[in-house]
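Asker: Take this structure first; my questions come after.
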Number of protein chains: 2
Amino acid sequence: MACFYPEFSQKFAALLPELRAHGRVAIVGHMRPDGDCIGAQVGLARVLSAAGVREVTCLNADHVPRRLSFLTAQTRVLHAPEFLGNPDSDFRAGDYAAIFVDCADAARCGVELQTAFPKPFAMVDHHLSNPGFATHDFLDANSAATSEILAGIFLDLGLPIDEQTAQALYTGIVTDTGQFRFPSTTPRCFAIAGELIARGAQPAEIGYELYERESLGRLRLLEAFLKTLRLECSGRFCFGFLPKGIFEATGSTVEDTEGLVDYARSIEGVEIAALVEERVEAEWRGGGVKMKASLRAKNPIYRVDKIAAKFGGGGHACAAGLTAEADREAFCAELLAAVAEQLARVEASGGATNSEETIL
Amino acid sequence: MACFYPEFSQKFAALLPELRAHGRVAIVGHMRPDGDCIGAQVGLARVLSAAGVREVTCLNADHVPRRLSFLTAQTRVLHAPEFLGNPDSDFRAGDYAAIFVDCADAARCGVELQTAFPKPFAMVDHHLSNPGFATHDFLDANSAATSEILAGIFLDLGLPIDEQTAQALYTGIVTDTGQFRFPSTTPRCFAIAGELIARGAQPAEIGYELYERESLGRLRLLEAFLKTLRLECSGRFCFGFLPKGIFEATGSTVEDTEGLVDYARSIEGVEIAALVEERVEAEWRGGGVKMKASLRAKNPIYRVDKIAAKFGGGGHACAAGLTAEADREAFCAELLAAVAEQLARVEASGGATNSEETIL
């Protein structure tokens, strides 16, 4: 018997009969879902179904990205406009027990879903900044991925993990560890990955779906992004910019921005990196132009979640995000100042800032 | 007791006393060494030393790339000009039993080392096109990396694998599997990686050294390469070009070309990708301008090693290389024709060409 998350597993086992009795579970992911979000949603949905929960539905404010669509073929995943304010939809939020996955706070699922589920039944997450917001919280900031926590619980309890489930959970781990190389990667990640492979996860197939189906447009977007890279703070901060209209100009989409910021972060000497994007919001979200920033740090001592928090955003010590209604010039200046301040603070403290909260 | 390579392990165990009695072993890598080459050299060198071989030296025609230098701190690695034709060197090739690692044929180590060791004692390799060339061949084209074969043998035999050795062999596996995602990635890769982590390999540290120490010059080179990408053969062939002088213009080095071709390969619909480079050869190699091409395929049925062979090159089914003395225009036209012919041949055979030789 595996024993990856003894406390969580005991708690999860105790809740299963409740979920079975309830009969309907909604698994809620965050806006702009990534591999760990979709992997965790699909993995949890399949295991709950296999464990006897009558109806399980995944809900997302945004569409499942093209590169992750291979995971959702056999799972019911609804996109916000399909069930909110749609008179033809048979979906009634009140009938469902909601489990939020990979959401650093309740608002990360988007205002529509947050309103539909004001008091989630449970949440499973690994974000350092998560304050806890459900009746039953499964929160572990020492885990590399929400999918890792779920896979660990399922393995501990001997719940049925079939090939599709293993693919989904493996994908979550692979994407949130940067293919097993971010500092959050632990021996547990490998042990769990090995167990998932033994149950049918196909690393090569997943690698193909995730990384070998690029569009030329995405590479043109990358080219445009690289051209804008600027080093600041004596080479310790690197940021790049995507102006509005860039997706049309390069033949790419919003999804294609994923991972771009890692190029800025990968430079030797850079401690903090940012991708700043001038985003035209979708009509059904009210339209308008917003500034969106993705922040990354090489080392958790830099706590980019604290920088994001200054702008109302959040995330992990090494990866955070924010959205602001501001003018481009003013926003970039403000962000630069906030990063410079954080770099100076960490330096002044000898790199020990908030070490008690730091994940390594 | 592990049992990853039963036949090889038995053979290796039988040769160890011979190597101990001989006392001096030279471990020869290939030109422009990559992570698997250096990882295998360092791993083998350290294990042989720990197993009682008096003197072990690694030899390379080219320098250890900057990003791999973290592996060689405690290992003697000599670069060709340090021991060939250097009257001050105490190195006498004739005193050494040579083991070639990760070389698809004897010539891959460079003409100087090939001449110095006309009959290698042993070779360890995983290249499909390898014809066998040593007294004792350890050749397995079903392995993802030479480091995987060596790690498997060491684990089978219970030979001493310390932290540095584990780091080196893990690095070889990680780089040659594209971080556990090329089709060559098998459950054995994960099992061996897990064993190496248990013995001290640090995925995050290795990830940092390999992928988080980029130069801005390397990103400028990537930008320049992306700009040249062209789709041919109805989108099934993608190639990009690096003209001479590009390293100076972007502030990059030859080493920085590593991995660029994978961007061309990653495009959906592309089956074969190429990076063509106009290379000015080093003075001590005679100077002159040569055309160098790196070929990649998504699927081994396309056998890019066969395309490379037409130009006197070689490699794997999915990754091969070649060097030609030719004019740029003429060479690109010839390469395009060879690729088109190979795509047509595979199509005509329903994708079954040479399937008996195919690695999956």
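The values are calculated or read from the model by the stated rules, or taken from the named source; none is laboratory data. This structure is a prediction, so every number in the text was calculated from the model and none was measured. Cβ coordinates were reconstructed from backbone atoms using ideal geometry, including for glycine residues, and neighbour counts include every protein chain displayed.
Asker: Has the stretch B:112-121 got any residue that is touching a residue at least 12 places away in the same chain (Cβ under 8 Å), within 17 Å of the chain's Cα centre (by Cα) and not assigned by TED's automatic domain parsing to the domain that holds residue B:258?
Answerer: Yes - at least one qualifying residue is present in the stretch B:112-121.
Asker: Between B:155, B:128, B:150, which is more than 25 Å from residue B:50 (Cα to Cα), in contact with a helix residue (DSSP H, G or I) (Cβ under 7 Å, 6 or more places away or on another chain) and buried (at least 20 other Cβ atoms within 10 Å of the Cβ)?
Answerer: B:128 is the lone residue from the list that is more than 25 Å from residue B:50 (Cα to Cα), in contact with a helix residue (DSSP H, G or I) (Cβ under 7 Å, 6 or more places away or on another chain) and buried (at least 20 other Cβ atoms within 10 Å of the Cβ).
Asker: Among the residues of the stretch A:192-205, what is the count of those that are assigned to a helix (DSSP H, G or I), buried (at least 18 other Cβ atoms within 10 Å of the Cβ) and more than 7 Å from chain B (Cβ to nearest Cβ)?
Answerer: Within the stretch A:192-205, residues that are assigned to a helix (DSSP H, G or I), buried (at least 18 other Cβ atoms within 10 Å of the Cβ) and more than 7 Å from chain B (Cβ to nearest Cβ) number 3.
Asker: Another question, then. Do we have residue B:42 as within 17 Å of residue B:154 (Cα to Cα) and part of a loop (DSSP other than H, G, I, E, B) here?
Answerer: For residue B:42, the condition - within 17 Å of residue B:154 (Cα to Cα) and part of a loop (DSSP other than H, G, I, E, B) - is not met.
Asker: Still on this structure, please answer the following. Can you name the residue in the stretch B:100-151 that is at pLDDT below 95, among the polar types (S, T, N, Q) and in contact with a strand residue (DSSP E or B) (Cβ under 8 Å, 6 or more places away or on another chain) and, of all such residues, is nearest to residue B:314 (Cα to Cα)?
Answerer: B:129
Asker: Please specify each residue of the stretch A:257-270 satisfying the condition of being of a type in the set (D, E, K, R) and more than 12 Å from every other protein chain (Cβ to nearest Cβ).
Answerer: The answer is A:258, and nothing else.
The rows are residues; the columns are (1) of a type in the set (Val, Ile, Thr); (2) without any contact (Cβ under 8 Å) to a residue 24 or more places away in the chain; (3) under 29 Å from residue B:345 (Cα atoms).
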{"site": "B:272", "(1), (2), (3)": "yes, no, yes"}
{"site": "B:277", "(1), (2), (3)": "no, no, yes"}
{"site": "B:281", "(1), (2), (3)": "no, yes, no"}
{"site": "B:294", "(1), (2), (3)": "no, no, yes"}
{"site": "B:310", "(1), (2), (3)": "no, no, yes"}
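Asker: Looking at B:288, B:235, which one is touching a residue at least 12 places away in the same chain (Cβ under 8 Å), over 17 Å from the mean Cα position of the chain (by Cα) and closer than 26 Å to residue A:209 by Cα?
Answerer: B:235
Asker: Of everything in the stretch A:219-232, what is buried (at least 18 other Cβ atoms within 10 Å of the Cβ) and not charged (D, E, K, R)? Give them in sequence order.
Answerer: A:219, A:221, A:222, A:224, A:225, A:226, A:229
Asker: Taking the residues in the stretch B:151-189 that are of a type in the set (Phe, Trp, Tyr) and in contact (Cβ under 8 Å) with a residue 24 or more places away in the chain as candidates, determine which candidate is farthest from the other protein chains (Cβ to nearest Cβ).
Answerer: Here the residue is B:154.
Asker: Taking the condition in a helix (DSSP H, G or I), among the β-branched types (Val, Ile, Thr) and buried (at least 16 other Cβ atoms within 10 Å of the Cβ), does residue B:25 pass?
Answerer: When the stated conditions are applied, residue B:25 does not pass them.
Asker: Considering only residues that are buried (at least 24 other Cβ atoms within 10 Å of the Cβ), among the hydrophobic types (A, V, I, L, M, F, W, C) and at pLDDT 90 or above, which ones fall in the stretch B:294-321?
Answerer: Once the filter is applied, which keeps residues that are buried (at least 24 other Cβ atoms within 10 Å of the Cβ), among the hydrophobic types (A, V, I, L, M, F, W, C) and at pLDDT 90 or above, the stretch B:294-321 yields B:295, B:297, B:304, B:307, B:308, B:320.
Asker: Within the stretch B:222-237, work out how many residues are more than 10 Å from chain A (Cβ to nearest Cβ) and either aromatic (Phe, Trp, Tyr) or assigned to a helix (DSSP H, G or I) (or both).
Answerer: Qualifying residue count, the stretch B:222-237: 1.
Asker: Just to be sure I understand, how many residues within the stretch B:28-45 are surrounded by fewer than 24 Cβ atoms within 10 Å (Cβ to Cβ) and over 18 Å from residue B:112 (Cα atoms)?
Answerer: Number satisfying all stated conditions: 1.
Asker: Please go through (1) over 30 Å from residue B:187 (Cα atoms); (2) of a type in the set (A, V, I, L, M, F, W, C); (3) out of contact with any Phe, Trp or Tyr (no Cβ under 6 Å at 6 or more places or on another chain) for residue B:38 and return the number of the only condition it doesn't satisfy.
Answerer: In the conditions (1) over 30 Å from residue B:187 (Cα atoms); (2) of a type in the set (A, V, I, L, M, F, W, C); (3) out of contact with any Phe, Trp or Tyr (no Cβ under 6 Å at 6 or more places or on another chain), residue B:38 misses (1) alone.
Asker: Residues that are more than 25 Å from residue B:321 (Cβ to Cβ) and of a type in the set (A, V, I, L, M, F, W, C): find the helices (runs of 4 or more DSSP H) completely inside the stretch B:82-176 holding 1 or more of those.
Answerer: Those helices (runs of 4 or more DSSP H) span B:146-157, B:163-176.
Asker: Follow-up. Give me the pairs, please: first residue somewhere in the stretch B:79-97 and farther than 19 Å from residue B:109 by Cα, second residue anywhere and surrounded by 10 or more Cβ atoms within 10 Å (Cβ to Cβ), beta-carbon distance under 9 Å, and either six or more positions apart or on two chains.
Answerer: B:89/B:78; B:89/B:82; B:89/B:83; B:90/B:83
Asker: Condition first: more than 7 Å from chain B (Cβ to nearest Cβ) and over 19 Å from residue A:40 (Cβ atoms). Now tell me which residues in the stretch A:206-221 satisfy that.
Answerer: A:208, A:217, A:218, A:220, A:221
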